[in-house]
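The values are calculated or read from the model by the stated rules, or taken from the named source; none is laboratory data. Since we're looking at a predicted model, the values are computed, not measured. Note: ideal-geometry Cβ built from the backbone for every residue, glycine included; neighbour counts use all protein chains shown.
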């Protein structure tokens, strides 16, 4: 079960990271306006998600990658708050609200692999 959830987590972050490059507008529009260079921030988030997702697959880099994911999740939390405040026509507001504490579940999940 440990490995199944590890592979799921790895795949989730690799997929999310790749999507930053295939659907950049989807991510850029939720970056708060007070942050500079949203295109660069989007690309960096995608790159780090891919690197950390791949890093989870190797025992030698697993712990470091899990800590990296935790830091990344904390770093993108303002975007989740901004998305909730701004709203999204495609996603009901209650889902955006539920998504906020879900971030801490993802942090706890990553912590399992430190």
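Please state which of the following conditions residue 19 fails to meet, knowing it meets all the rest: (1) assigned to a helix (DSSP H, G or I); (2) in contact with a helix residue (DSSP H, G or I) (Cβ under 7 Å, 6 or more places away or on another chain); (3) surrounded by fewer than 19 Cβ atoms within 10 Å (Cβ to Cβ).
Looking at each condition in turn, residue 19 falls short on (2).
Kindly evaluate residue 60 against the criterion of being at negative phi, in contact with a helix residue (DSSP H, G or I) (Cβ under 9 Å, 6 or more places away or on another chain) and surrounded by fewer than 14 Cβ atoms within 10 Å (Cβ to Cβ).
It is false that residue 60 is at negative phi, in contact with a helix residue (DSSP H, G or I) (Cβ under 9 Å, 6 or more places away or on another chain) and surrounded by fewer than 14 Cβ atoms within 10 Å (Cβ to Cβ).
Tell me which residues, restricted to region 30-46, are surrounded by fewer than 14 Cβ atoms within 10 Å (Cβ to Cβ), part of a helix (DSSP H, G or I) and in contact with a helix residue (DSSP H, G or I) (Cβ under 7 Å, 6 or more places away or on another chain).
If the condition is that a residue be surrounded by fewer than 14 Cβ atoms within 10 Å (Cβ to Cβ), part of a helix (DSSP H, G or I) and in contact with a helix residue (DSSP H, G or I) (Cβ under 7 Å, 6 or more places away or on another chain), then 39 is the only one that fits.
Considering every residue within region 71-78, establish whether at least one is modelled with pLDDT of 95 or more, within 17 Å of residue 14 (Cβ to Cβ) and not in a helix (DSSP H, G or I).
Within region 71-78 (the criterion being modelled with pLDDT of 95 or more, within 17 Å of residue 14 (Cβ to Cβ) and not in a helix (DSSP H, G or I)), the answer is no, since none of the residues qualifies.
Taking residue 75, is it under 14 Å from the mean Cα position of the chain (by Cα), crowded, with 16+ Cβ neighbours inside 10 Å and more than 20 Å from residue 6 (Cα to Cα)? Can you show your working first?
Details: under 14 Å from the mean Cα position of the chain (by Cα): yes; crowded, with 16+ Cβ neighbours inside 10 Å: no; more than 20 Å from residue 6 (Cα to Cα): yes.
So residue 75 does not fit the description; no.
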